[in-house]
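The values are calculated or read from the model by the stated rules, or taken from the named source; none is laboratory data. Keep in mind the model is a prediction, meaning the values are calculated, not measured. Cβ sites come from the backbone with ideal geometry, for glycine too, and all protein chains shown count toward neighbours.
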Number of protein chains: 2
Amino acid sequence: MKWWGWGDPGKVFPAERTPALWPWAKHRLGIDQEELIPPVARESIRLRRPRICAGLLEKLGAVLAADQISSDDEERLLHSYGKSYPDLLRVRRGEIPFPPDLVVFPKSHGEVEAIVRAVASLEVELIPFGGGTNIVGGINPGASERTIVTLSLRRMGRLLSLDAESGLATIEAGATGPEIEESLAERGFSLGHYPDSFEYSTLGGWIATRSAGMQSDAYGRIEDLLVSVKLVTAAGTIATRTVPASSAGPDLNRLVLGSEGTFGVITEATVRVHPVPPARDVRGYLLRSFEDGVAALHEIRRSSAVPNLMRLQDANETELIFVMKTPGGGLKALLHRLFGRCLRARGYKRPSLLIVGFEGTPADVQNRRKAVRPILRRHGALPLGQRAGESWSKEKYDIPYLRDFMMDYGCMVDVAETSCTWGRVLPLYYRAVAAGELQFKSNGLKGYVSCHISHTYPTGACLYFTYASRQIPGHEIDHYYGYKRLFTRLFLHNGAALTHHHAVGLEHLPWMEEEIAPAGLDALRAVKASLDPEGIFNPGKCLPPEPVRESDARERSREWRTPSSVPSPSPQPTR
Amino acid sequence: MKWWGWGDPGKVFPAERTPALWPWAKHRLGIDQEELIPPVARESIRLRRPRICAGLLEKLGAVLAADQISSDDEERLLHSYGKSYPDLLRVRRGEIPFPPDLVVFPKSHGEVEAIVRAVASLEVELIPFGGGTNIVGGINPGASERTIVTLSLRRMGRLLSLDAESGLATIEAGATGPEIEESLAERGFSLGHYPDSFEYSTLGGWIATRSAGMQSDAYGRIEDLLVSVKLVTAAGTIATRTVPASSAGPDLNRLVLGSEGTFGVITEATVRVHPVPPARDVRGYLLRSFEDGVAALHEIRRSSAVPNLMRLQDANETELIFVMKTPGGGLKALLHRLFGRCLRARGYKRPSLLIVGFEGTPADVQNRRKAVRPILRRHGALPLGQRAGESWSKEKYDIPYLRDFMMDYGCMVDVAETSCTWGRVLPLYYRAVAAGELQFKSNGLKGYVSCHISHTYPTGACLYFTYASRQIPGHEIDHYYGYKRLFTRLFLHNGAALTHHHAVGLEHLPWMEEEIAPAGLDALRAVKASLDPEGIFNPGKCLPPEPVRESDARERSREWRTPSSVPSPSPQPTR
């Protein structure tokens, strides 16, 4: 991973293949004079010296080899931030006030247990770290008097066992998406979990954040795929049992799912896998409007034949996708031909692009496609064919690189995602787009707000908004949080989820009490206090700091703190 | 409900329609001389006088009408036990040492909140009570110095709202299966949750125990159907949000699911519903063996066309079902005809009965049936047609009455259910049947052990054992617990679940620490202490009493106790 942005250090957004993009963006965002604002030079960054508490290196040295313990600046820099917009703003400027003091690389569940035991009596914080792709501040160290140790699972990526008969794989938590799929494919299996961060994010990170992938409509979210898990806590290891279903009290798997490293370290998990699907079919369609697309998705989702993948882009996002295509490229060329056939005249003036994908046996794919086709037709979906679908599939993992490209040009680009019931989808969509555009206008900016639907459920859908504008020099962070607050409050006021699959981290802390009620939050804090009485694990994330209480047992929790940049709850924007 | 047994007081097991049953049972269980052991006469039962702590009636009277508060013996008797075998043994003898002192009948979520607030400062225990069908002691009061108040949700059975577009119904927790289906059917919808206790059990009870129904393979367990829930706790109400999916921390719904009334009272829930399926198809098949049936289930489950219902009975259970049929009845007559066609000669000597059912649109039912048929054929399934399926469907809710009939004749009849991965299904089946039969033999008894598979998952299945023998006069309870321990330890030692859908209650307490690890148990105890600091709610259930600790905050929990009849963990039976 780059220290200053997304992905492979050797790879940047392929701007040369999308010559139309930047001119379009300049026009869309009202940028007259462009100015490059690159990240600071690596050499200019000086991290504070590692603060290593007494006894720590000796204790770690007793359980880890020398090459498993690093106080190297490169490692510390790489583990200082995730990939949220404020993370990148800061790291590109070289602002790294709270790097971890040490990064450790255990190689097994047993070593993680040994580390946790070793540091138990010391003044240490432990931050579990998977791929570092978190975009809500979930792995960021904060101000602390204690030694901050980031526990990277980079060297725990093995497929430990496969039960082909039951369709179960036990995998180390540090395995990335490609590592998982490659090791399973050798045995003829697939997990089928493809979040946008797939190339870098890890099984443990997915579990810790309740991740959803592109084919979760068919295979289920990570919480549906998880059968059992090992969590190393300060109070001992919890290894849930590998059984298909149970009614032995509340499901502990579900306490681990979404715990964001605050209860302990997820080291291994047993997940449902399926044979590598022999057939695959991904196609693009154009809908006359986002509304037509939503109606089609709703009807398909409530039929008995659900595709593996449905992604519906609104007109603004469709426009971006068209612009990103090179003139010679698949989709663009196709659309040129289609436009030539008087698309506009047939009502596709501001069309919505829909990608529909199937995976499975040839018969299963064919049956489901056959069931879905008449529904799509009824809603006016114009088939763009498989090339449009494959083109989308091929390029989907390039999108995160786009933000770095835009930030190079001084743009704010971020996303806000939520889920709501079907009846709320369009009202929420209209309100969020209108509120975003109004706020851009009131800030004197030309802004861009788009939306796609990335996941559907029988009961509703996930709405994923992208918004962009020029940065406001000198006020980049505040400017960003204005929009963060706007969208988040709008979601909550419209009966939508605080977050659908990005988790809480630091960014969503201010709304957690509203989201899960004071009693609910206290119950989770009680779990934290039980499993992590010293508050060692990923302090300050997921569960907002509790008000100071008289109880001595919770004295330590007073040390939890929210970095000052996290917004406090604010009233809904005036509209 | 009968005070002494299952179901409608006006209804008993229709023994006159099954003349072959008792002679067969006598032979099977080695009963030479039959003796009727009926329940004691109602008039002979004297409950202890209600113990009402000072201020309680005044406080309750301020929030409830007079007809919502009962210290009547009839109500107290009905709320003294669930329907487990030891419950029935005791109640039939008139042994009711711990009746509730008071039964209250709130009519709304608001009234439940008012009750909880009203009793907060008093020496009171609250036991939430749905249909009273629990068979693990989950609603039984125990020894206590405090006033025991059973909070019955009988008067909270309304459908509160229906969102047809999103397929969501909000229903009061006291609604029974028939109440739910009837009120939904009026609006064209169905929940599709059909546990064996369907006629009496309630939505709140299903949630509290993580229930599974006969069609859960298709519609999901209650935990999959639940979208949001209201839980009234001593620390305030937790109302989770009605969103399709979320990643805002660990899922609080899943803390409520399986909490068995120990965290608070479930008052309302929003659940996924679907349009009343216009088509339905239930058929019977005969397999040459249980093993063939398991292989068929495994293959079907891992195909893309899963039936709504698959129930596979082993040879012993199939024999019982055949015996229960009247000579003129559907299945028996059919089998007579089939036997006439030399069934035995074709290898169906000790056949396994498989019921396969579909619900949905006609096209969906037809498509899935078409996909499943060749798999069944490949495994030698002999079609018995729809009459066999319908006959089974019609009579399924009569089965619970059978236990009362057998108990009248001095027989022990109980069940033990679990789930395990596919690879473990047959080994566990063989071991459990062998161990059960061996234990009967070593007790000098002729016993009956049978098994059916009631639910399947991509990863495994639920095994549901039924066992019966003569009672041992004077040792009925100990005798029973010998088998309970035998099966439970065998499940745990063979990697199977402590319980698949019956929950923990009192009966499974001794194994909870082994099931979820000490740290996991402590985490749930911490939730309990946070939501119910005074230990008011359903004390002693689900979470085994914690060892006494020095912490003052948990002083109250020392009062939790397990009735002496609950078995303590014992070593695995010698085999």
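State all residues of segment B:538-550 that are away from chain A (no Cβ under 13 Å) and modelled with pLDDT of 90 or more; if no residue qualifies, say none.
B:PRO539, B:GLY540
Which of the numbered conditions does B:ARG387 fail, given that it passes all the others? Conditions: (1) in contact with a Gly (Cβ under 7 Å, 6 or more places away or on another chain); (2) crowded, with 19+ Cβ neighbours inside 10 Å.
Among (1) in contact with a Gly (Cβ under 7 Å, 6 or more places away or on another chain); (2) crowded, with 19+ Cβ neighbours inside 10 Å, B:ARG387 violates only (2).
Given (1) farther than 24 Å from B:HIS502 by Cβ; (2) surrounded by 14 or more Cβ atoms within 10 Å (Cβ to Cβ), where does B:LEU77 come up short, assuming only one miss?
Answer for B:LEU77: the failing condition is (1).
Out of segment B:365-397, which residues are away from chain A (no Cβ under 14 Å), among the small types (Gly, Ala, Ser) and assigned to a helix (DSSP H, G or I)?
B:ALA388, B:GLY389, B:SER391, B:SER393
Could you list all residues from segment B:431-480 that are part of a loop (DSSP other than H, G, I, E, B) and away from chain A (no Cβ under 14 Å)?
B:ASN443, B:GLY444, B:LEU445, B:LYS446, B:GLY447, B:GLN471, B:ILE472, B:PRO473, B:GLY474, B:HIS475
Please find, within segment A:185-211, the residue that is nearest to A:THR133 (Cα to Cα) out of those that are in contact with a helix residue (DSSP H, G or I) (Cβ under 6 Å, 6 or more places away or on another chain) and surrounded by fewer than 21 Cβ atoms within 10 Å (Cβ to Cβ).
A:GLU199
Of all the residues that make up segment A:512-531, how many are crowded, with 24+ Cβ neighbours inside 10 Å and more than 7 Å from chain B (Cβ to nearest Cβ)?
Final tally of qualifying residues: 1.
For segment A:294-322: of the residues being outside any helix (DSSP H, G or I) and among the charged types (D, E, K, R), which is farthest from the other protein chains (Cβ to nearest Cβ)? So that I can check it myself, show each step before the final result.
Restricting attention to segment A:294-322, the residues satisfying the condition of being outside any helix (DSSP H, G or I) are A:302-314.
Retained after the next criterion (residues that are among the charged types (D, E, K, R)): A:302, A:311, A:314.
Values: A:ARG302: 7, A:ARG311: 16, A:ASP314: 19 Å.
Looking at residues that are outside any helix (DSSP H, G or I) and among the charged types (D, E, K, R), I get A:ASP314.
Tell me which residues, restricted to segment A:230-273, are more than 30 Å from B:LEU463 (Cα to Cα), within 7 Å of chain B (Cβ to nearest Cβ) and not in a loop (DSSP other than H, G, I, E, B).
Those that are more than 30 Å from B:LEU463 (Cα to Cα), within 7 Å of chain B (Cβ to nearest Cβ) and not in a loop (DSSP other than H, G, I, E, B): A:THR233, A:GLY236.
Could you run through segment B:489-511 and say how many residues are more than 11 Å from chain A (Cβ to nearest Cβ) and buried (at least 24 other Cβ atoms within 10 Å of the Cβ)?
Initially, segment B:489-511 is screened for residues more than 11 Å from chain A (Cβ to nearest Cβ), giving B:489-490, B:493, B:506-507, B:510.
Still in the running and buried (at least 24 other Cβ atoms within 10 Å of the Cβ): B:506-507.
The number of residues fulfilling the criteria is 2.
Give me the pairs: first residue in segment B:157-168 and within 14 Å of chain A (Cβ to nearest Cβ) and assigned to a strand (DSSP E or B), second residue among the charged types (D, E, K, R) and crowded, with 16+ Cβ neighbours inside 10 Å, beta-carbon distance under 7 Å, and six or more apart or on different chains, which are they?
Sorted first by the residue in segment B:157-168, then by its partner, the pairs are B:LEU168/B:ARG272.
Tell me which residues, restricted to segment A:218-229, are within 9 Å of chain B (Cβ to nearest Cβ) and part of a strand (DSSP E or B).
Across segment A:218-229, the qualifying residue is only A:VAL227.
Between a first residue in segment A:276-294 that is crowded, with 23+ Cβ neighbours inside 10 Å and a second residue that is charged (D, E, K, R), which pairs have beta carbons less than 7 Å apart while being 6 or more apart in sequence or on different chains?
Pairs found: A:PHE290/A:ASP314.
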